[in-house]
């Protein structure tokens with residue numbers, strides 16, 4: 001069952017179109033993530049749903065009820081902002097209880113709900129403290145408790161753990177996902193971090209400059225990016241994207257990048273030719289799908305190419321080469337030792353390649 005639906009929604013600030021024809025829906029008990037860079041329109045979307053911003057055009061439905069003209073208090077949504085926004089003069093207990101007091105629940109009911117959510121978020125011992133007396137991670141838990149203590153049609157979360165250090169963010173991601181599943185919450189979560197999006201989301205919407213780039217499961221987003229923007233946004237390092245030309249010579253097809261000719265099978269070339277009408281295309285491949293060899297490997301796709309850079313990152317060795325003006329990154333185990341200037345061979349399986357239109361950036365296949 002749909003809890004939230006946006007139909008052909010636009011938001012203009014004067015001549016600036018912040019949101020352009022936004023369409024998506026969130027299902028019951030779903031954690032839906034909006035992912036995009038700064039300025040993508042993520043926070044604006046949440047504000048329109050909550051009623052804090054008027055939409056320019058389109059329709060917003062909550063539980064199949066049109067809410068365009070409803071006040072924020074009448075939409076029964078709960079919003080967590082990027083900053084802590086705690087009342088500094090109130091205790092943790094009073095901060096959490098404030099939305100329940102606003103709807104005039106009894107003291108006993110308020111106390112029961114506050115202590116229950118505090119126990120779930122492991123902040124019971126902090127209830128008597130002021131915000132100035134607790135850490136950043138504890139403040140974030142308090143903000144989440146205040147948002148989640150009241151049952152809502154949809155919980156709107158605007159980068160709620162962005163200000164925490166890496167270890168706390170990792171911990172909070174797991175706790176939030178567990179909480180959502182146990183209590184069957186409907187959450188719309190906004191982030192600029194692809195790791196958060198892929199680890200938390202049941203579905204992910206990629207937004208850029210107010211325009212939807214792709215909607216899908218985390219697996220679909222990662223494995224089949226709809227365009228070069230999505231491919232470049234998701235992954236660390238992101239997908240390698242190399243522009244070149246499809247060429248034929250003596251019955252053999254090649255992908256030409258500068259003075260490097262990468263052989264392609266005839267079956268792959270035929271499939272490409274059936275879908276494109278120009279020589280220039282972009283091929284994409286994930287860094288972990290490329291493999292390096294210190295010695296010349298027979299039938300390797302790229303032979304005798306120079307190592308441009310080598311970086312050890314934890315358990316991985318990120319090796320960079322240059323194809324014409326494009327730096328290509330390869331992820332190998334840290335035991336694979338090379339130095340800048342060494343000559344290596346590169347190989348890969350054709351099935352791991354993605355192809356994109358060089359003009360539009362859209363996925364070919």
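When each of 205, 144 is tested for being closer than 30 Å to residue 64 by Cβ, over 13 Å from the mean Cα position of the chain (by Cα) and surrounded by 23 or more Cβ atoms within 10 Å (Cβ to Cβ), the lone residue that passes is 144. Among the numbered conditions (1) surrounded by fewer than 17 Cβ atoms within 10 Å (Cβ to Cβ); (2) within 15 Å of residue 241 (Cβ to Cβ), tell me where residue 263 comes up short. Just one mismatch for residue 263, condition (2). Against the test of being closer than 26 Å to residue 282 by Cβ and surrounded by fewer than 22 Cβ atoms within 10 Å (Cβ to Cβ), the options 167, 224 yield a single qualifying residue, 224. Summed over the range 111-121, residues that are under 13 Å from residue 91 (Cα atoms) and within 27 Å of the chain's Cα centre (by Cα) total 0. Please enumerate the residues belonging to the range 246-262 that are closer than 22 Å to residue 357 by Cβ and either touching a helix residue (DSSP H, G or I) at 6+ places or on another chain (Cβ under 6 Å) or in a strand (DSSP E or B) (or both). 246, 247, 248, 253, 254, 255, 256, 257, 260, 261, 262 - these are the residues of the range 246-262 that are closer than 22 Å to residue 357 by Cβ and either touching a helix residue (DSSP H, G or I) at 6+ places or on another chain (Cβ under 6 Å) or in a strand (DSSP E or B) (or both). Each residue in the range 122-134 was checked for being at pLDDT 90 or above and either in a loop (DSSP other than H, G, I, E, B) or under 24 Å from the mean Cα position of the chain (by Cα) (or both), and 6 of them qualify.
Could you please let me know if residue 73 is loosely packed, with under 12 Cβ neighbours inside 10 Å and either modelled with pLDDT of 95 or more or assigned by TED's automatic domain parsing to the domain that holds residue 208 (or both)? It is true that residue 73 is loosely packed, with under 12 Cβ neighbours inside 10 Å and either modelled with pLDDT of 95 or more or assigned by TED's automatic domain parsing to the domain that holds residue 208 (or both). Scanning the range 231-245 for residues that are farther than 21 Å from residue 312 by Cα and free of Cβ contacts under 8 Å to residues at least 24 places away in the same chain yields one hit, 232. Of the strands (runs of 3 or more DSSP E) that lie entirely inside the range 285-365, those containing 1 or more residues that are in the same structural domain as residue 272 (by TED's automatic domain parsing), without any contact (Cβ under 8 Å) to a residue 60 or more places away in the chain and in contact with a strand residue (DSSP E or B) (Cβ under 7 Å, 6 or more places away or on another chain) span 291-293, 302-306, 309-313, 316-323, 326-333, 343-347. Of the residues making up the range 2-18, those that are surrounded by fewer than 16 Cβ atoms within 10 Å (Cβ to Cβ), on the phi < 0 side of the Ramachandran plot and touching a strand residue (DSSP E or B) at 6+ places or on another chain (Cβ under 8 Å) are 2, 7, 12. Taking the range 321-347 as the range and being surrounded by fewer than 18 Cβ atoms within 10 Å (Cβ to Cβ) and within 30 Å of residue 273 (Cα to Cα) as the test, the residues that pass are 322, 324, 325, 326, 327, 347.
Looking only at the range 181-193, decide whether some residue is in the same structural domain as residue 46 (by TED's automatic domain parsing), within 23 Å of residue 30 (Cβ to Cβ), modelled with pLDDT under 95 and not in a loop (DSSP other than H, G, I, E, B). Yes.
For every residue, the table says whether it meets (1) part of a helix (DSSP H, G or I); (2) modelled with pLDDT of 95 or more; (3) on the phi > 0 side of the Ramachandran plot; (4) touching a strand residue (DSSP E or B) at 6+ places or on another chain (Cβ under 7 Å).
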residue	(1), (2), (3), (4)
111	yes, yes, no, no
151	no, no, no, no
157	no, yes, no, yes
169	yes, no, no, no
175	yes, no, no, no
204	no, yes, no, yes
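In the set 55, 34, only one residue is closer than 26 Å to residue 234 by Cα, at pLDDT 95 or above and either in the same structural domain as residue 154 (by TED's automatic domain parsing) or touching a strand residue (DSSP E or B) at 6+ places or on another chain (Cβ under 8 Å) (or both); that residue is 34. Considering the range 1-31, the residues that are within 22 Å of residue 75 (Cβ to Cβ) and not in a strand (DSSP E or B) include one that is modelled with the lowest pLDDT, namely 1. Among the conditions (1) over 15 Å from residue 215 (Cα atoms); (2) surrounded by 14 or more Cβ atoms within 10 Å (Cβ to Cβ); (3) touching a residue at least 24 places away in the same chain (Cβ under 8 Å), the only one that residue 67 does not satisfy is (3).
Residue-wise test of (1) touching a residue at least 60 places away in the same chain (Cβ under 8 Å); (2) in contact with a strand residue (DSSP E or B) (Cβ under 6 Å, 6 or more places away or on another chain); (3) not in a loop (DSSP other than H, G, I, E, B).
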| position | (1), (2), (3) |
| --- | --- |
| 141 | no, no, yes |
| 145 | no, no, yes |
| 163 | yes, no, no |
| 207 | yes, yes, yes |
| 220 | no, no, yes |
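The values are calculated or read from the model by the stated rules, or taken from the named source; none is laboratory data. Here the structure is a predicted model, which is why all the values come from computation and not from measurement. Glycine gets a Cβ as well: all are built from the backbone with ideal geometry, and neighbour counts include every protein chain shown.
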